Structures are given as structure tokens and as C-alpha cells.
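The values are calculated or read from the model by the stated rules, or taken from the named source; none is laboratory data. Model, not experiment: these values are computed from the prediction. Glycine also receives a Cβ, built like all others from the backbone with ideal geometry; neighbour counts cover every protein chain displayed.
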Amino acid sequence: MNGLPLTRAEAARRASEVTVGDYRISLDLGADGFWSRSVIRFTCRSPGSAGWVDLVARQVASVELNGRPLQDAHEENRLVLPGLDVDNLLIVESSHDYSTSSQGLHRFVDPADGETYVYSHLQPAYAPHVFACFDQPDLKAPFSLTVTTPRGWTAVSNGPVVASTGTRHTFAPTPPISPYLVALAAGPFASWGFTGNPPLAVHARKSLREHVDADHLAGQLRDGLDFFAGRFGIGYPFAKLDLCFVPEFSFGAMENAGCVMAGESFVFDRKVTRAAFRQRSEMLLHEVSHQWFGNLVTFRWWDDLWLNEAFATWAALHAQTQITEFTDAWAGFAARKKSLAYELDQAPSAHPVIADVPDVEHAMVTFDALTYHKGASVLSQLVTRLGTAGFFDGIRKYLAEHAYGVAEFADLVRALGADGDWARSWLTTTGTTTLRACIGIDAEGRYTSAAVTQEPAASGDTGLLDHRVTVGVYDESGTGSLVRVRGIDLDVSGTVTDLPQLAGERAGLLVLPNDDDLTYAQVDLDSRSLATVIERVADIPDPLARSLCWSAAWGMTRRGRLTAAGFLRMAARGLAKEPQIAVVQRVLRQTATVLSAYADPGWSDRVGWPRFVDTLVAAVEDPATGADHRLVFARAVAAAALTTEQQGVVREWLGGALPMDADLRWRLLRALVAHGHAPPEDRSPRTAADERTRAQLDASVPTLAAKTGAWREIVDPGTPAGRFTALVAGFRHPAQRKLLESFVEDYVRDIPGLWRKRPHQITRAAVTGLFPHTAVSPDTVDTIDRMLATDLPAALRVLVRDERAELLLALTLRNPAR
């Protein structure tokens, strides 16, 4: 994003003055840049006034307004348009550079075969890097696109191809869409087409052809389209749907109208777990639901981004439970994504689901767990109150009233018939309340008292909320399981809500205050329940209840109410028996955080890491361990601090003791390199994945010279996105805590400059990934404070403050008396 960011106030003024008739965009894709021609018809409500369109270009060749050439019209990232008529015709010709950060128009050369691919990503404000436009979501218009490419290329856009000469591809006009939803992918793709209504197609690089399960993907897309058309009461609103897997994509996926872009991590050219297939299914359903909720009806400004993302997150999970094999999708969501939302909701940057977005630059930092996952959780509570049928009745009304237009939060509230005050209390505040079961038990093992207490948010401005929950009581089943013996539907309000229903009943071993995960609230388990889940979480057969117990334990660890040793004991006893691979993966990452940051480093080195890795190795080598579990446990070993003996086990695995694919082999090799073993001698990459792996290995070498070389590449704004991401991923390893402490000053010196020179979506990986989390000391806090005292860009300051808060948390957990 170059120049001054568009503000909400400017956008509102322009939308009140301008109506866009249509766009005709022509692009000519050259080898070292591309040529763009924009023909825009628009009306102005104040003839004689001045306006502007947005454009970021290498060179502006010509600007013609209503037949008049304009000289020197280009200022910052805008073309100034003086003396507008009621009806206007603007023609702009410009040349542009390709992106290396997957924003704007990205160009990639495949090292496997030398073929070139180009694709767009224009959200939130990168459309002007490709063509002149009124770049704001509420100025929707039809787009007609023509693209000139090298011969033999496939070109894909929002509409179907209506004419092609082999080098010139013309697409049908779209219905009215926002500029950020315009899409282009071009190159010698491998493509699979599927007839039907609408027609579908899947595209990927030729070198990935053998790994694309196109029939399965198309079936999932078709099922999603049929499901949402039925639930929304409106047929699919575009002429076709393409799914394009594109390289070096810094975003999971993007819902461009009729043309979804997805990162190649969803092309499984390696062994993956069931969780990876579930995540891909969720991604596809998320983007399909956006075709209605976001593309057909679009938010007016970026502070209502949640209208897109929270709904699509909820809708995808709901659809998974209805039309896929992943009927347990909500359990994975509770353990992974909702836990992230709870963490972020306690950070300095915590913002309401409906965020305050004064300008487009701030929009970049609202694509986070609060917008997506807290938003989806609040919608779950709303669905609980309205009922699923009533909720979808309101959604159908909302979509019908605003089809091909824009809408706001108030429009959705009206359509749903929701309580506006209730919605505002949930969506316009920050922080999360905590629910806890307070129970009394007599000598005969019966409840003498029971209540659910609610604590206000420790940070933020959320007071006590009204929650509709189910309180679950779990006890022995007679077969060794812990099953729900009592479920009480309860409206929690205020500080204490009594549970008279339990008085005199036999006490269970576990009381779960938010069973079924109907609301958004952290849970503190009472001492009896906590002791139960530490020892016996694996005995709970219900996947969602088990996931909620893992989440509660993690939250209590971060609040200092469960020790690092207690969390590690729960992980050691429960992980190998946890069927939910998504839960296993999340708890493994949490355990690594405990050992790297929260626990005393001396104890972690002597006891914590060795004991944890021994548990993982035993699970990997146990013949009874399933394939998915063996894979994720072996990956966790590769990402752990290892003793000399454990490094020997890894060498044995690499020598043939453990069957593995290329991906796991590289991970284990990286583990040895990170512990000081020599890198593999074969240094010649053959594929894009090989290039990324080599970069990660280079950054993993535990010498100051190697780290310094990797650091220089990372902070070089010319480093390609794929290599940049790999270097950042390889730079840190828990075995290198002492070595990494020497880069605290480098972080303070170099990160602000990198932020100013690279697109923020890719740079934030370095801001968070290189932050000195393991240098847990007051000196590190002081150094970061010195950085925050400088004139940092606002969005960067937000990210650094959040990382500082995590550092302070680690310092507090290591030294509770501080």
C-alpha cells in the first residue's frame, strides 16, 4: 500500500457523490511488468466539483476525462479529477510492477519446470496496484475484463471466458461487485472442468498436477453450493465458480466473486492428517458461503468486516456438521480457533468484533481471531437464542433485501429480529468474562450448593453479560468413561446464578459450566473438576466436552491458576489417547509454549523438555499409535529441544527405523541441523517446496554467522515471499534460546524499516515470528519499550504491544511474585 490510506470519512463523502456505472479493464501481462487500461463510467451528484480515483502505478501514461487529457493528475496514490460532469467517462493507461508479496498482481516462476504464473489478491486496498478504480467496498459496479497473456496460458477471472484467441482472453461482465473482489489467475495451469449449474473448475500449477484430487474438491464445492443455496433461499449469484491454487499466497484463501484463490498448502503433496482435510473442507465452505454473504451482499466499510468473516466462519462449521464427515467440527474450533480468540481478547490490541477502522491501513489488523472466531462464537450464542430456523429466516430476509448491494450491522440486526442492546453489548465491547462452577459437597458426596459465577473481563470494557449455557455434570459410567449424567439449560446473568436443581444430588467428578460451547466465555474449572481432567481427560467420550476441558486448562495456565507442571501432566496423560487430531496439534503447540516461555528455563532444560519428548517418542514408536497421531508426534519431536540421546533417536528414524515422507524427513533433518549437526550436502532445489525447505535449513543453523545471514535476507524487502516466510519459520528453534537472545537489538533496529518497505500482511509474520519471546527478562521488556517509544506506524505498534504483553505474561508466570 503506497501513499496515504483512504479514510472512512473520505470514503463516505465519495460514496455520497459518486455512483459507478461500470468498469472495462484491459491488462497486458509482460515479462517484467504489465500494462493496464481502465475505462470507468460514473456519475457525479455535484457537477463541477473535483473527485479522485485510486491508482498505484510504475508510470501513468495517460489520463483522459470526458475527452479531455489531464496532465499531472497523479498525486500520491490517487488521480485527481477536476471539473466533473453529471455523467463521466474516465480512461486511464498505466504500467505496473508485479508483486512478490502475493498482493496486487503476483508473479511466480516455478523452479520445477520454469513456467510462470500470475495471480491477483486485491483485499483490502490493492486493486489500485492493478487498475484505476474507486477502491472502497460500497462503490460496487459490474467489471468487464480482457487479458493478454503469452500463448498457451489459461486465464481465469470472475466471469466465464466469452472469447479467446489464445493470447487475448475476454470475460463476461460481472454483476455489481466491489473492486477488492476482482480476480485474475493466469498461467499454464493444469485444469479440471466440471459441468453443472453452475459450472466448476479447479486449477493448479502443472508441477502439482498429480497431487490435486480435483473430483473430490469439486464434489465438496458442489455440496457447499447446494447447501447454502437451500439455506439462503437464493440461487448461486454468479455464473460459474473456479478454485485456483496459487503459489506463495500469504492468505489462507480469498473469496473473489466466482473465483476463489487458495494457498498451495491445501494441495496435499505430503502426508497429512484428517485435521488437514477438515481444515480444507472448512476453507472451501467458508469461501463458498462468502459468495452470498460478502459478495452478493457486501459490508459498507471495513469496520463491518465481521459481517463477512464471522458469518462465513460460523456457516462453514455449521455446514460441516450437516453435509460432511466432519460432524465434530465444533470441537476442533473450540480447541484451536476459539482459544486464539480468548488470548487475543486479553491483548492490548483487543478490539470489538465490530472494530473501529478509521482508515484502510487499520483494516489490515482486523483480519484476526476476534473478527473471525470471536465473531463466530457470538453468532453461536445468537443462534442458541433465536433457534437455527429463526436465524436462517433472518439471513434469507437480509440477503434478499440487500442483494448486489451493501449493508451494515443495523440491517442484519433488523433482519434477524435480534435485541439490538444485546447485540451491541456483545459486539461492541472487548474482553471476555469467566464462568466458574462453585459447588459444595457434603461428607456423603452430595451437592449442598451449586452456582455458576461470572467474573468480568480482566481487561477491556466488557462487563457482566447474559449467557445462555448448558451446565454439564460428568461422572463414572460404569465402563471407565466419564459421561454427562446431567445437563441443565441455564440463563447466566450477573455475578452469581444459582443451580438449585443440583441440591441433594450425587456429586459428579466434573462440572462443565459451558458444556456444548454455546457461549463465548472462558471457563475456570473448580478444584475437583480440574483434578479430574488433569488425570482423566481422555476418559471423556464426547469430543466437544473433551475439547472444552483442554481449552479450560490452557486458559487457567495462562491465568496462573494451573501450573506448568500440571498442564504438562495433563498433556502427557491425555494426548496419546485424544482422537481429535486438531486438538492434539493445538495442545502440542501450547505445551511447547509452556516449556519455551512460561516455565523456568532451567527446569525446562533439565526436566520439562526431556520428559515431554520421551512421551512423544514412546507414542511414535508404539505400534498401537494411529498414523495421524504418529505423524503429528514425530513433527512435534522435530520442533522440540532434544537431548543427545533423543537426537540419536531422530537419526535412527532417518536411517529407516520410521517410515516417512519427504516432508517429515525434512522436518527431522531440520531438527538435527538446529542442534548443530551438518546440513545435508545436496543443496540443489528442484521444486518450490525444496527452495523453501533449503531456506528454512539455512536459517536453522545454530551459529551467529548463519543467523545473521538469514536475518539480513529477512529484512531485505526484495526477498521473495516464499523464501521470506521460510527464513522466518527457520530462524527460531527452542534448542537455540541462548543464541536467539542476541537478536533483541536487531529486532528493535530493523523491524520498523521492514514494515515500511513490505506489504503488512507478509511482514507481520516477521513482527510476530521474530519477536524475542524466549528472551524472558526485564531487560528485554525495557528494550521493547524503547522501540515503542519511537514513532512507529500505528498498525506495527499494535502488533508489537501484543507481543510485549505475551512477554510480560511469561515473565509473570515464571516469577509469580513479581
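Here is how the numbers come out for the structure above:
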item	result
Evaluation of residue 642 against (1) of a type outside the set (Ser, Thr, Tyr); (2) buried (at least 21 other Cβ atoms within 10 Å of the Cβ); (3) modelled with pLDDT under 95; (4) not in a helix (DSSP H, G or I) (one fails), failing number	(3)
Region 783-818 - residue that is without any contact (Cβ under 8 Å) to a residue 40 or more places away in the chain and polar (S, T, N, Q) and, of those, surrounded by the most Cβ atoms within 10 Å (Cβ to Cβ)	783
Selection status of residue 555, in contact (Cβ under 8 Å) with a residue 12 or more places away in the chain and not in a helix (DSSP H, G or I)	no
Scan of region 160-196 for residues that are assigned to a strand (DSSP E or B) and under 32 Å from the mean Cα position of the chain (by Cα), ordered by number	161, 171, 177, 184, 185, 186, 187, 190, 191, 192, 193, 194
Residue among 702, 680 that alone is in contact with a His (Cβ under 9 Å, 6 or more places away or on another chain) and not in a helix (DSSP H, G or I)	702
Answer from 287, 264, 343, 248 - the residue that is of a type outside the set (A, V, I, L, M), more than 17 Å from residue 227 (Cα to Cα) and buried (at least 22 other Cβ atoms within 10 Å of the Cβ)	248
Within region 102-137, tally of residues that are touching a residue at least 24 places away in the same chain (Cβ under 8 Å), of a type in the set (Gly, Ala, Ser) and in a loop (DSSP other than H, G, I, E, B)	4
Qualifying residue in region 58-69 (condition: under 26 Å from residue 793 (Cβ atoms) and in the same structural domain as residue 178 (by TED's automatic domain parsing))	yes
Region 584-633, residues that are outside any helix (DSSP H, G or I) and among the small types (Gly, Ala, Ser)	599, 624, 626
Matching residues in region 292-337 - criterion: being without any contact (Cβ under 8 Å) to a residue 60 or more places away in the chain and polar (S, T, N, Q)	308, 320, 321, 327
Hits in region 151-185 (condition: in contact with a Gly (Cβ under 8 Å, 6 or more places away or on another chain) and either acidic (Asp, Glu) or more than 20 Å from residue 103 (Cα to Cα) (or both))	151, 152, 153, 154, 159, 166, 171, 172, 173, 174, 176
Residue count for region 237-259, restricted to those that are more than 16 Å from the chain's Cα centre (by Cα) and more than 15 Å from residue 160 (Cβ to Cβ)	3
Residue 636 being hydrophobic (A, V, I, L, M, F, W, C), assigned to a helix (DSSP H, G or I) and touching a residue at least 40 places away in the same chain (Cβ under 8 Å)	yes
Filter result for residue 508 (surrounded by 21 or more Cβ atoms within 10 Å (Cβ to Cβ), in contact with a strand residue (DSSP E or B) (Cβ under 7 Å, 6 or more places away or on another chain), closer than 27 Å to residue 466 by Cα and without any contact (Cβ under 8 Å) to a residue 40 or more places away in the chain)	yes
Check on residue 300, surrounded by fewer than 22 Cβ atoms within 10 Å (Cβ to Cβ), more than 16 Å from the chain's Cα centre (by Cα) and closer than 16 Å to residue 178 by Cβ	yes
Members of region 204-241 that are over 24 Å from residue 186 (Cα atoms), in contact (Cβ under 8 Å) with a residue 40 or more places away in the chain and not in a helix (DSSP H, G or I)	233, 234, 236
Residue 523 among the aliphatic types (A, V, I, L, M), crowded, with 17+ Cβ neighbours inside 10 Å and in contact with a His (Cβ under 8 Å, 6 or more places away or on another chain)	no
Selection status of residue 63, within 27 Å of residue 172 (Cβ to Cβ) and buried (at least 20 other Cβ atoms within 10 Å of the Cβ)	no
Entirely in region 362-430, the helices (runs of 4 or more DSSP H) that have 2 or more residues that are free of Cβ contacts under 8 Å to residues at least 24 places away in the same chain and touching an Asp or Glu at 6+ places or on another chain (Cβ under 9 Å)	409-416
Qualifying positions in region 716-763 - within 21 Å of the chain's Cα centre (by Cα), touching a residue at least 60 places away in the same chain (Cβ under 8 Å) and in a helix (DSSP H, G or I)	721, 722, 725, 730, 760, 761, 762
Flag for residue 201 being assigned to a strand (DSSP E or B) and in contact (Cβ under 8 Å) with a residue 60 or more places away in the chain	no
Unmet criterion (only one of (1) over 19 Å from residue 536 (Cα atoms); (2) buried (at least 21 other Cβ atoms within 10 Å of the Cβ); (3) at pLDDT below 95) for residue 602	(2)
